[in-house]
Amino acid sequence: MLLCSLVIVAPSLALADDAPADDAGPVPDDAPAAAGKLVLKAGGYLQPQFRARQDDAVAPADEDGFRVRRAHLTAHAASGYGHVVFSTELEAELTPAFQLLDAFVTATACFAHDGRWRLDLGQVRAPVSRQTLLSDSKLAFVDKPELAGLAPDRQIGALATVDVPYAPGVQIAGGIFNGEGRNLGGNVDQRFLYASRVSFAVLGRDVPLAESNLAGDYLEVAGSAARQSRDSGDGLETETTLGADLAFGYAGLSGTVEYLQVRHALRDASRPAYRANGIVAALSYLVPVDRLRKHLEIGARWDEIDRNDTVPIVRRGDPNQSLRTFTGAINWYQQDHSLKLQLAASHVIEVEDLDSGGNDATYANDTLLVQATLRIE
């Protein structure tokens, strides 16, 4: 299989000693790196945003106005040695302050029978939750659902991924990480986060990871798990994360369903164990009118979050308050996810509507977001 024999690196600029002859035929983008040539790529994306949210005297962060929601720079370099391609990936956030996001080196090569292995070392996304693995620039909704905040996100460590031979579409990923979070490399407690994910791309295994049905039809089911023990200051706390997700895109219709839970077990008997969990279900549809085909999309999403199912909140607007959110979206794709304009309106319901004192914890927090995305690769 040509795709496997050349290894996926998706470069845009190759520094080669000599160019192919005019009659040599088309050369795949990833051929230079697999052939030992140096491949360089730079890009990034910008997302200016306008937000309007209902005001409340107690709840924080409800100011209306414009902001640069994200401004990311990316860089990629790759070259092949023998049958292995080595590469490096960098991604940084520029606003509101500089922050390193992705920073890892990769070695990858192929097995027979459509197999492939990959090893990442550095700061990389832990393989838990499809929502976490998605780029913020490739969403069918302006922002991710709340359950994405339950997953480990980017971590410093090692991640191994295998596309299983003789099993097209089956991928297994597992890693060991410091568990301190991004840009924190000290691992002060000397304990590790272990994370894994198994996915099966029933359809469209070469379709890039993104929401909407823009790049081809796909159907993927996956499960993930993670475990970490950490010193919480007044005792040892063990976090066990379990999740499952399904995503599809077909004939302009796309959607996802995901559930994620994190069990917190504490050695200190005076503090109760608790569970955090989140769920999301979303559907989007590309309007099948000739002039609007692959341009206009409408979508709806329901998501719910409960960050602590044992301890009641202290006040309304508490960061741990359980919420249910209904979101409607209208998107205009001028050039798929690379150039788009999105509008999302959310109605938020406080599932946890009483605080620890029995007082009313509901508040006005419906939100309207308008966001443009320009991505250069």
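The values are calculated or read from the model by the stated rules, or taken from the named source; none is laboratory data. Note that the structure is a prediction, hence the values are computed from the model and not measured. Cβ sites come from the backbone with ideal geometry, for glycine too, and all protein chains shown count toward neighbours.
Take residue 329 and tell me if it is under 21 Å from residue 129 (Cα atoms) and surrounded by 15 or more Cβ atoms within 10 Å (Cβ to Cβ). Even if it seems obvious, please write down each step before you answer.
Details: under 21 Å from residue 129 (Cα atoms): no; surrounded by 15 or more Cβ atoms within 10 Å (Cβ to Cβ): yes.
No; evaluated as a whole, the condition is false for this residue.
If I go through the stretch 163-192 residue by residue, how many of them are outside any loop (DSSP other than H, G, I, E, B) and either among the small types (Gly, Ala, Ser) or under 15 Å from residue 152 (Cβ atoms) (or both)?
Residues of the stretch 163-192 that are outside any loop (DSSP other than H, G, I, E, B), as a first pass: 163, 170-177.
Now narrow it down to the ones that are either among the small types (Gly, Ala, Ser) or under 15 Å from residue 152 (Cβ atoms) (or both): 173-177.
The total comes to 5.
Can you confirm whether residue 156 is part of a strand (DSSP E or B) and surrounded by fewer than 16 Cβ atoms within 10 Å (Cβ to Cβ)? Talk me through it step by step, then tell me what you get.
Details: part of a strand (DSSP E or B): yes; surrounded by fewer than 16 Cβ atoms within 10 Å (Cβ to Cβ): no.
The answer is no for residue 156.
Need the failing condition index for residue 55 against (1) at pLDDT 95 or above; (2) surrounded by fewer than 16 Cβ atoms within 10 Å (Cβ to Cβ); (3) more than 22 Å from residue 339 (Cβ to Cβ), just the number.
Among (1) at pLDDT 95 or above; (2) surrounded by fewer than 16 Cβ atoms within 10 Å (Cβ to Cβ); (3) more than 22 Å from residue 339 (Cβ to Cβ), the lone unmet condition for residue 55 is (1).
Please identify the pairs in which a residue from the stretch 258-274 that is on the phi < 0 side of the Ramachandran plot has its Cβ atom under 8 Å from the Cβ atom of a residue that is of a type in the set (D, E, K, R) and part of a loop (DSSP other than H, G, I, E, B), counting only partners at least 6 apart or on another chain.
That search, which allows pairs on different chains as well, returns 268/234; 271/234; 274/309.
When you go through (1) crowded, with 16+ Cβ neighbours inside 10 Å; (2) on the phi > 0 side of the Ramachandran plot one by one for residue 166, which number turns out not to apply?
Here residue 166 clears every test but (1).
Please specify each residue of the stretch 193-214 satisfying the condition of being in contact (Cβ under 8 Å) with a residue 40 or more places away in the chain, buried (at least 17 other Cβ atoms within 10 Å of the Cβ) and assigned to a loop (DSSP other than H, G, I, E, B).
204, 207, 210, 211, 212, 213, 214
Got a sec? Which of 339, 296, 354 is touching a residue at least 24 places away in the same chain (Cβ under 8 Å) and within 23 Å of the chain's Cα centre (by Cα)?
Just a single option satisfies the conditions, and that option is 339.
Please work out which one of (1) out of contact with any Gly (no Cβ under 8 Å at 6 or more places or on another chain); (2) in a loop (DSSP other than H, G, I, E, B) is the condition residue 128 fails and give its number.
(1)
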